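To keep things clear, I will list the structure first and then write my remarks on it.
Each reported figure results from applying straightforward, stated rules to the coordinates on display, with no laboratory input. Note that the structure is predicted; figures quoted are calculated from it, not measured. Here the Cβ positions follow ideal geometry from the backbone for every residue, glycine too, while neighbour counts run over all protein chains shown.
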C-alpha cells in the first residue's frame, strides 16, 4: 500500500459542551488523520460524537455551549484551532468544505441555485468576474452529473428533488477545489437508489479530483462501499481504527463486532437480528472504566475500573479493548513494515 | 461509472416557467377574493392621495361661511363643515396625510425594529437581554398612552405624531424579527453558508434578513392600519395635525360639536378612516395566507 501524506491531522481533540448539567465531553481525546485523496469513514451510533468531530474541524461548533477544550487540528501546517475568525473563513470552503445531512434545507429557499453557487465562488475568488463565476458554476453542476446545468442555474431549491439538491450541495462544496470534503451523513435523508448514486458520485469525484473525503455515517453498508479506512467511534472516543477490509473481516472491538452483527444478512434470515443491548451512555456519564463495559458481553473486572488505551493490534489496526492488551504490536514493527 | 448519470427519477419534470418564492406568494394572494378587494381599496386610496389636488372639487381651505354645515348635495357631495369647507375635498386631501403617516411610521418601525431584532436574535447573550427588556418595558404601556407621552415631550405636530407612532411600534417588529432570526439561524443553510466561509454580517443580511421578511410584510401591512387609527386618535386628541390640516382624526374631533345637527361632518371622515383600515387589514390577512408556509399545498 503506497503511503500517502496526511493532510488533515486531528490530535487529542477534545470538544466539550458547557451545559447547566455540567461539562459534557462530546468528543474526548481523539486522534486520526485524513490522507491525501483517501476516503475515511467515521462510524458510530447517534450521539457518539461524529458530527461534533466534523464541526470541530470546520470551527463551527455552536458556541456557547460548545467549545474545543484541547488538542490540535492540523491542516497541512496550519493549526485550525488557533486561527483567527478571518483566517478560518478562508479555510472553510477553500481548503476544507462540508456537506450536510439534509439536502432539503441546506440551500437558501429564496435564492436561485446559480445565485448561491456564484456566491460560494466569489467569497474565495476575489478577483473573479460574475461571468467567470457563472461559467465555473455551470461547469461544477455538469461535473456533479446534473443535466441542463444552464437552466438549473435559474431555478430555486424547491424545484429540485432531494438527490439533485445534494448534488448541488456537493458542487457548491467543491467549487473552490478543497483538499478535504467532510460529508456529514450525506445520504441519510435520501432514498436508497439516490443514496447509491450520490455515493458513487462522491467516490468518482474523489478519484477524479483527488479530494480527500471524510465520510461520517452510521451506515456500515455505506462505509463498506466507499471508504478505504474506517474509524469507529463510541461515546466520544475512537474504539477501533483500521482499513475497511480488516474491520469488516476481522473486527476486534466488541462494539464493532456488535455493529457488524446488527446489519441484516440475507444468509442468516431465519435468525433474529442481533442488537447490542442498552444505549450509548450520555457523554460524561461514564468516568471510570471502559465506556462500553456496561454493554459488553466480554467485560471483566478491569474493564470496570480502567479505560483501555488504543492498542496497536496489527500494523494499521488499533483497538481500544483490554482483550488485545497483550497482543499489542510495537510501533517499531509498524514503521518497519510500512517503509 | 455506474450511477454517475442521474436517473430520470432524479430529474423533476419542470414544465412551467421558473417561479421564485415571491412569485408563488403573489399567485396564492391573487386567489383570495377578499385580499384582492382589500388591495383594491388600498390602491384606490393611494391613487386618491397621489392625484388628490387635481380631483378635489375645492381647495383644502376654501372657506365659504354662508355655506357652513350644508347637508350633502350635488354641489357638496359630502356636505360642508362649520367653516363652509367642502368635506369631500378635505377627505381627498386627508388621504395623503393618513397614508403618509401610516407608511412612514411603519417603515421607521420596521427599520429600527429589524436592526434591533436581528442584533438581539443573532448575537444573543447580554445584547439580547438588554434589547428584549427594553421591548418588554415599552410593551408594558398601552400604546396610545406611550404615543401621547412621546408627543407631549416632542410637542404636538403631525411629524411628531408620526415619530411617536413609529416608536411605539418598534417592539412589535423587533420581537417578531428576533424570534424569526432565532429559528432561521439554526437552519442548515446558515450552517452551510458558514461552511463555505461566509462572513457573519453577510449571512445576516443576505440569508437571515430576506428569510425573515415574510412575517414582517404581513405585520407591516396590518400595522399601517393601526398606525392610521393611532394618527387619527392623536389628531382627535389635538396631539397630531395642526388646525387647518385636513387630517381625518382632526376632522372627527372638530365635528363633535355638530354631531346632532350635521352628522355628515363626522360620518364621512369616519368612513374614510374605516375603509382605509379595512383595506389594509384585508390585504394583510391575504398576505399572511399567501406567505405562510403552512398554507402551501
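Residues of B:183-192, mean number of Cβ from any other protein chain within 10 Å of their own Cβ, rounded to a whole number?
Other-chain Cβ atoms within 10 Å of each residue's Cβ, averaged: 6.
What FRET efficiency would be calculated for the residue pair residue A:225, residue A:139, taking the C-beta separation as r and a Förster radius of 25 Å, to the nearest 0.05?
0.35
Arranged from highest to lowest average of other beta-carbon atoms within 10 Å per residue, in what order do the peptides B:36-48, A:207-219, A:112-124 appear? Provide the component values of the computation, followed by the final result.
Details: B:36-48: 17.3, A:207-219: 19.2, A:112-124: 21.9.
Highest-to-lowest ranking by the protection proxy: A:112-124, A:207-219, B:36-48.
When all C-alpha to C-alpha distances in the protein assembly as shown are sorted into bins of 10 Å, what percent of pairs does each bin hold, rounded to whole numbers?
The percentages, shortest bin first, are 3, 13, 19, 18, 15, 11, 8, 6, 4, 2, 1, 0.
By its C-alpha gyration tensor, with a ≥ b ≥ c as the square roots of the eigenvalues, how is chain B shaped: rounded for a/c under 1.5, else prolate for a/b larger than b/c, else oblate?
Oblate is the answer for chain B, as a/c is 1.5 or above yet b/c matches or exceeds a/b.
Estimate the FRET efficiency between residue A:210 and residue B:144 by the formula 1/(1 + (r/R0)^6), using the beta-carbon distance for r and 51 Å for R0, to the nearest 0.05.
0.15
Students often check this: by mean Cβ neighbours within 10 Å, which of A:263-276, A:41-54 ranks highest, and how do the rest follow?
Working: A:263-276: 9.8, A:41-54: 22.7.
Those peptides, ordered most packed to least, come out A:41-54, A:263-276.
Tell me the mean residue ellipticity at 222 nm calculated for chain B from its helices only (DSSP H runs of n ≥ 4, each -39500 (n - 2.57), averaged over every residue, nearest 500). Numbers along the way, then the final one.
Working: 11 runs with 202 residues, N = 297.
Mean residue ellipticity, 222 nm, calculated: -23000 deg cm²/dmol.
I'd like to compare A:308-318, A:88-98, B:213-223: which one has the highest average count of other Cβ atoms within 10 Å, and what's the full order after that?
Per-residue Cβ counts within 10 Å, averaged per peptide and sorted highest first, yield A:88-98, B:213-223, A:308-318.
Any idea how far apart residue A:148 and residue A:69 come out in nm if each label point goes 7 Å out from Cα toward Cβ?
Roughly 5.4 nm, to one decimal.
Taking every eigenvalue of the Cα gyration tensor of the range A:184-339, multiplying by 5 and rooting it, what semi-axes result, largest first, whole Å?
28, 22, 15
Let me make sure I get this right: for chain A, a, b and c are the square roots of the gyration tensor eigenvalues over alpha carbons, sorted descending. Under 1.5 in a/c it's rounded, otherwise prolate if a/b > b/c, else oblate. Which is it?
Here chain A falls in the prolate category.
When Cβ neighbours within 10 Å are restricted to other protein chains, what is their mean count per residue of peptide B:264-276?
Mean partner shielding for this stretch: 0.
Give the angle, between 0 and 90 degrees and rounded to the nearest 10, that separates the Cα long axis of helix A:113-124 from the longest principal axis of the Cα atoms of chain A.
Between the helix axis and the principal axis of chain A, the angle is about 70 degrees.
For the range A:1-159, what does the convex hull of the Cα positions come to per residue, in cubic angstrom?
Considering the Cα atoms of the range A:1-159, their hull volume per residue is 169 Å³.
Compute the angle between helix A:130-143 and the longest alpha-carbon principal axis of chain A, please, reported from 0 to 90 degrees and rounded to the nearest 10.
50
May I ask for the percentage of alpha-carbon pairs in the range B:121-183 that lie more than 20 Å from each other?
35
Treating the angle as unsigned and between 0 and 90°, give the value, to the nearest 10°, between the Cα long axis of helix B:21-31 and the longest Cα principal axis of chain B.
50
Which value in deg cm²/dmol, rounded to the nearest 500, describes the helix-derived mean residue ellipticity at 222 nm for chain A, given -39,500 (n - 2.57) per DSSP H run of n ≥ 4 and division by the residue count?
Computed mean residue ellipticity for chain A: -9500 deg cm²/dmol.
Suppose the chain between residue A:20 and residue A:325 were pulled fully straight at 0.36 nm per residue; how much longer would it get relative to their current alpha carbon spacing? Display every interim value, and only then the final one.
Values: separation 305, 0.36 × 305 = 109.80 nm, distance 3.77 nm.
In short, 106.0 nm is gained.
Please report how far the C-alpha centroid of the range A:1-70 lies from that of the range B:155-229, rounded to the nearest whole angstrom.
Between the Cα centre of the range A:1-70 and that of the range B:155-229, the gap is 36 Å.
Rounded, prolate or oblate, given the Cα gyration tensor of the range A:249-339, with a/c below 1.5 counting as rounded?
It is oblate, given that a/c is not under 1.5 and a/b is not larger than b/c.
Test of understanding: what is the full-extension gain from residue A:270 to residue A:245, defined as 0.36 nm times their sequence separation minus their Cα-Cα distance?
The residue A:270-residue A:245 span can extend by a further 6.4 nm.
Need one value for A:108-116: mean number of C-beta atoms belonging to other chains within 10 Å of its residues' C-beta atoms.
The mean count of partner-chain Cβ atoms within 10 Å per residue comes to 5.
Say each of residue A:122 and residue B:54 gets a label point 7 Å from the Cα, pointing the same way as Cα to Cβ; how far apart are those two points in nm?
Distance between the two pseudo-spin positions: 4.0 nm.
Using Cα pairs closer than 8 Å and at least 6 residues apart in sequence, work out the relative contact order for chain A, in percent. Don't skip to the answer; put the middle values down first.
On the way: 619 pairs, mean separation 65.7, N = 339.
Normalised by residue count, the contact order of chain A is 19 percent.
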